[in-house]
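The values are calculated or read from the model by the stated rules, or taken from the named source; none is laboratory data. No experiment lies behind these values; they were computed from the predicted model shown. We place every Cβ from the backbone using ideal geometry, glycine too, and count neighbours over all the protein chains shown. The accessibility values were calculated without ligands, DNA or RNA, using every heavy atom of the protein model including side chains. Shrake-Rupley method; radii C 1.70, N 1.55, O 1.52, S 1.80 Å.
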Amino acid sequence: MSIRCQLLVVSLLVGLGVGHCADSGWLNVQDLGASGSEFQTKASVTAGSRDVTVDDVGDFRVGQGVAIAGANPHFERPSLWGPGTQYIAKSGLPTKYIELRGWDNNGKSSTVYIIDFDRKTPTSFRWSDDIGRTWQPAQQVTGDWQTLRGTLQVKVLPYEWEKGWTFTFSAKDYLITTIEKIEGKTLTVRDPATATTATALVKHTDTQALQAAIDRALKEKRNLFLPAGRYRLTSGLRVENPTGITIEGANAGTTMLDISEGTGCCVQFRGGTEGTVRNLSMVGSAGFAERDQCGTIRMQGIGYIWGQDLHTTFATGVVGTERVLVENVHATRMSLEAFWSGGPGRVGTKEPPPQYTRALNYIRCSAIDCGRNGFNNNDYAENTSIQYCRIVDVGGCAWEGASRFVKIVGNYVRNAGTVAVGNMSNRSPEVEQLGSAQHIIEDNVFESNVPYGGCAIRAAHGATQVIIRNNLFINFNSSAIEVWGQGDERHLGSGMVTVAGNIMDMTCLDPTPKQRWAIYASTPETVIADNQIYVRGAVDPLVTGIKLIEGPSDLTVHDNLLRNLGQGLTVERATARVGEVVDDRSFIQSSGTVSQERRQSHRFQGWKIVWTAGGKPLGVSTIAEFDPEKRVFRLTEPKAMKPGDTFEIQPPYGTNWNLHHNTFAGCQIPVVLDGYGSATCAFDDNILSREAATGVKSAVEVKGLFGLNGNVFSGFDEPETVAVMLHPDRFGQPLPLLMRGNTYEACTAAVGEATPGLAKAVRQQ
């Protein structure tokens, strides 16, 4: 064979994935001490001795890492969670707070304990060893040793426990060590046992070997290959400041990183310029069935803690690495995020940091049977893409992130939580300067229901420039898409949204159907267009097609097809409550759907507040302006107010709502326009047909100032049914509606009046 042909063959072999060897630039982890073996054996150990007598030596080799269950009872990760927040934790606690002694792990090698103090004097505590599913009876704090179970005891030292605190720790019995010698059935290990037992269990652990291999690959600027095998991890692996490393398994079907008995992130990139991880499976510590132990757990004193922080496992993590590719990586049973990132990012118009994530790509990955989130970005990184992935049975969000320029394309999602766009908890001016959570969500399939978060896709809490298009929703028994304009004390409102081209099958196949909607919108500058929303077969009275909350301006809803729904399209007024009264002209809102506006907005200048009680209007005030820094509404005139007072808002000018060229077929309540409306709110050129729906009282209920022009009404011929039912405005006055060019075919009555005389106010020009 010629030299040219030989070079061609070598090139083809490398291109096909053959040649992960030293002379091709790859390091093989099994050549560097990693076993990838699932072998385990029973053993006996003696306290103070480094000798381990095993039933079977198996494939153990000198230099390999092992974990010996039962050989080293100890406590890890002691943390104190403080009142007022779930995130004040003091790890590595000194004994001035709580002391522990004894051991009784009920036959388990790892148990998380929660000790939860009440807010009473004298103070008592309850405790749990199953992460909050069950609680043992309360014990009053004595200041002496108190038994939890068996010989496991706790001593609570003097502290401000009456303010409400929660103490957590892990009790483990593994000895993590290295084999130094093998003679017959005796392994001599580096570290002595601290307990005596004849029922120890010895397993391979590859953490130290894999970390050493990663460090060597980084130093030598080479890549890392993992042959087929199950690589057990007791802690996560860190890739520090990579400049172009690839960590690759033989294939994802037979190559696994197993951190089910450890804590941390299977592979985490930190800093550096470029890293790739591909062709691996990764398994953690808690699946979908344990989602209650991974989410919020109610506490007596501090409100709640996150169970995910007590036994944390991730698949991959990224902290500031500039370019990262995660390809064909499949995560199961991850207790926190399966795929996570968090690090520095651009802030407003300031100079960007020298190191931050500029491109993060997940391709052909999966998060299946996980306790919390599938994908999560906790920073303002740029250009994250999730493409052609599978997210199934995920107890938290399918995706949560406020990062910029995100693309979620071509994925399959079933029985997983919300694709949560935004959630940044930030009202600072910098967020408005550069924008945040710009997302394109397209060509995905969502099936079944949403076990966490309430809807499949939600843009909220600061998200801007969001496109949700061309997605399929199959047999959906949850709400599908929500775009929230309302802000609050921690969040800016969202806006500039397009929801288009989605096909939304809201048919419920579950035994218990839920109240749900296909599209909910309260955002300004929003387009909802070309969507098909339907239920197969009979009308489902629990389904609303499009629900709009009044308040935001510049909304267009057009060319949507809505069939066999309980409600086709509804408009509701924005409502809220007074939280704190600042003075006789000023207050801070506490809750509701009224947006606490951005700095670059109308800031409610000249808007009306309609005060209400029991759902009825009491009076009107005028807003001088809204202060987005202090979140204070200031009125032009004094007003007697108190916390809890309810109110609605009414714009002083046209809000530019254009609802046109939609088709409503077979809906039980086709359209309800229950907002204030304005001269620039129009319901024009729509088609409304009763078809097989029965008990339809009216095609359109008009309760606000919405013009009705060029609409076609067909088949509303049941007794006492009317095509258009007129109502007085919010204050009981006739509405001067503009109605012209409407067509009524096979209708019992064209127009009806909730109270006499309303039709006289209608303008027909």
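Tabulated values for the structure
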quantity	calculated
Percent RCO, i.e. relative contact order, over the chain, from Cα pairs under 8 Å lying at least 6 residues apart	6 percent
Accessible area of the chain divided out per residue, in Å², using a probe of 1.4 angstrom	39 Å²
Segment 682-689 - phi-based ³J(HN,Hα) in whole Hz, Karplus 6.51/-1.76/1.60, Gly and Pro as x	10, 10, 10, 6, 9, 10, 10, 10
Distance violations [Cα-Cα > 24 Å] among 697/760; 630/703; 42/181; 42/172; 120/172; 42/108	630/703; 120/172
Rg followed by Dmax, in Å, when segment 281-346 is reduced to its Cα trace	14.3, 44
Ordering of 55-64, 538-547 by packing [mean C-beta count within 10 Å, highest first]	538-547, 55-64
Lys/Arg +1, Asp/Glu -1 at C-beta; the chain dipole; positive extreme among 533, 320, 417	320
Amide proton proximity set for residue 282, modelled H, under 5 Å, gap of 5+	257, 330, 331, 332
Among 112-121, 190-199, the order from most to least packed when residues are scored by Cβ within 10 Å on average	112-121, 190-199
Per-selection metrics, the chain (Cα): Rg and Dmax in Å	31.2, 104
Local net charge near residue 293, Cβ-Cβ under 11 Å (Lys/Arg +1, Asp/Glu -1)	0
Heavy-atom accessible surface of the chain: percent carbon and sulfur, 1.4 Å	51 percent
Other-chain or far-sequence residues with amide H under 5 Å of residue 82's (modelled H)	88
Whole-Hz couplings from phi, Karplus 6.51/-1.76/1.60, listed for segment 175-181; x for Gly and Pro	9, 9, 8, 10, 6, 9, 7
Segment 205-273 versus segment 133-150: alpha-carbon centroid distance in Å	41 Å
Cα centroid separation - segment 370-438 against segment 712-730, whole Å	43 Å
Peptides ranked, highest mean first, by Cβ atoms within 10 Å: ranges 450-462, 590-602	450-462, 590-602
Beta bridges per DSSP with both ends in segment 472-600, % antiparallel, nearest 5	15 percent
Residue order for 691, 525 - accessible surface, 1.4 angstrom probe, largest first	691, 525
The chain: antiparallel DSSP beta bridges as a percent of all, rounded to 5	30 percent
Whole-Hz couplings from phi, Karplus 6.51/-1.76/1.60, listed for segment 261-273; x for Gly and Pro	10, x, 9, x, 10, 3, 9, 10, 8, 10, x, x, 10
Angle in degrees between helix 3-15 and the longest Cα principal axis of the chain, rounded to the nearest 10	60 degrees
Residue 568 long-range amide H proximity, modeled H, under 5 Å	545, 669, 671
Segment 248-309: relative contact order as a whole-number percent, Cα under 8 Å and 6+ apart	32 percent
Mean residue ellipticity (222 nm) of the chain, computed from DSSP H runs ≥ 4 via -39,500 (n - 2.57), nearest 500	-1500 deg cm²/dmol
Percent antiparallel among DSSP beta bridges (both partners in segment 559-681, rounded to 5)	75 percent
Accessible surface of residue 399 - all protein chains present, 1.4 Å probe, nearest 10 Å²	10 Å²
